[in-house]
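*Asks:* Below are the structure tokens for one structure; questions will follow.
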Amino acid sequence: MSSNLTASAKIHVDVVRDLQAVATSGIPNQNSFLIRGNDPEQFLYFILAKISMRSAPQTLFVRSCLYASVVLALLACSTPTSPPVVTNLKPIVKNETVPAKTVRPIKIGLALGGGAARGFAHIGVIKVLEAQGIYPDIVVGTSAGSVVGAMYAAGNSGYTLQKMALEMDETTISDWSLPFFSKSSGVLKGEALQNYVNKMVLQAPIEKLKKPFGAVATDLNTGLPILFQRGNTGMAVRASSSVPGVFQPVRINDRQYVDGGLVSPVPVRFAREMGADIVIAVNISSTPDSQAPSGSLEVLLQTFTIMGQSLNHFELKGADVVIRPELPGMKGSDFNARNLAILAGERAATSVIAELKEKIKAAQER
């Protein structure tokens, strides 16, 4: 009994001594690999190998169990390695992109009003619109507005229209313009105007023009407006410009038509009917008190102006932007002032460009 206790105590002493030696300085194994006490798993492997090499058979089992118990206890008591602590963490923010506003295609309509020679101002308006990148998709005209509108819808730019206007020989449209240069009245057919317009649009019918175009005339039998969107372009313009008492009514399909200014001086609503989302109206009519009638023709034009005042008041409310060229003192018969009228149109259009662009943008994002 005492010999067994002595052997057991000796084993404990050897275990303590061996553990201290290995834990403090490390003992090379037979492969000269240095085992340190800071790796419990390798430490256990080393101790068991060491026991098998130097222990007597009678103590091998007991010493192995003791070594294993001590090492397992160390493993159980060892402080587990904590994961690294990351400081200064910032929340992950997704890059949320604001969806762009959908821009829908819109159609811009140009409604050109009547006013005889003052209609040259329409050309200045068109020039400015194009310079600002605004190209109307739909063109509607009344009287003088139908003349400019037809040639514009045929594909002529604002600068080309200006060149045509400045180079125009009055003799080519003499039966349309002659009454405006005299104090006497007359009844003319207006065929020269029809031929001139057809020449400028290369004989294309209305439905073949490059832009949708409409010319407004008045049905002489019913007094109702009519919008020409098909057929002979020059004839439709002639009907729209046939001032009663100056030109003979134009007969088309057994109906007689006269100047559209009697019912629609600035054809805003017809631009809407043709599909325009934004309507730019150009009002070239003058106020009655600025006119000094002289001769029957001037009296007739003054009458048209008075009639158009109330009509314009209601029709222009339907436009998104109204352009009013300032033409003080310019009479409807003054074709020699065409260049001044073009410049007036440019100035008037420039003054509303900012407003027009805002309304176009709003309509596109609606």
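*Asks:* Say the cut-off is 32 Å between C-alpha atoms; which of LYS163/LYS211; LYS211/LYS361; LYS210/LYS317; LYS189/LYS359 go over it?
*Replies:* In this structure, LYS189/LYS359 lie more than 32 Å apart at Cα.
*Asks:* How much solvent-accessible surface does THR160 expose, in Å² to the nearest 10, with a 1.4 Å probe and all protein chains in place?
*Replies:* Spelled out: THR160, probe radius 1.4 Å, area about 60 Å².
*Asks:* Give the whole-number value, in cubic angstrom per residue, of the convex hull volume spanned by the C-alpha atoms of the stretch 223-366.
*Replies:* 133 Å³
*Asks:* Please pull out the direction-averaged projected area of the stretch 191-233, using the convex hull of its alpha-carbon atoms, in nm² to one decimal place.
*Replies:* 3.3 nm²
*Asks:* Hey, another quick one. Take the stretch 229-274, drop everything but the C-alpha atoms, weight them equally and run the Debye formula without solvent; then report log10 I(q)/I(0) at 0.13, 0.20 Å⁻¹ to two decimals.
*Replies:* -0.30, -0.70
The values are calculated or read from the model by the stated rules, or taken from the named source; none is laboratory data. Model, not experiment: these values are computed from the prediction. The area values use the complete protein model at the heavy-atom level, side chains included, leaving out ligands, DNA and RNA. Shrake-Rupley method; radii C 1.70, N 1.55, O 1.52, S 1.80 Å.
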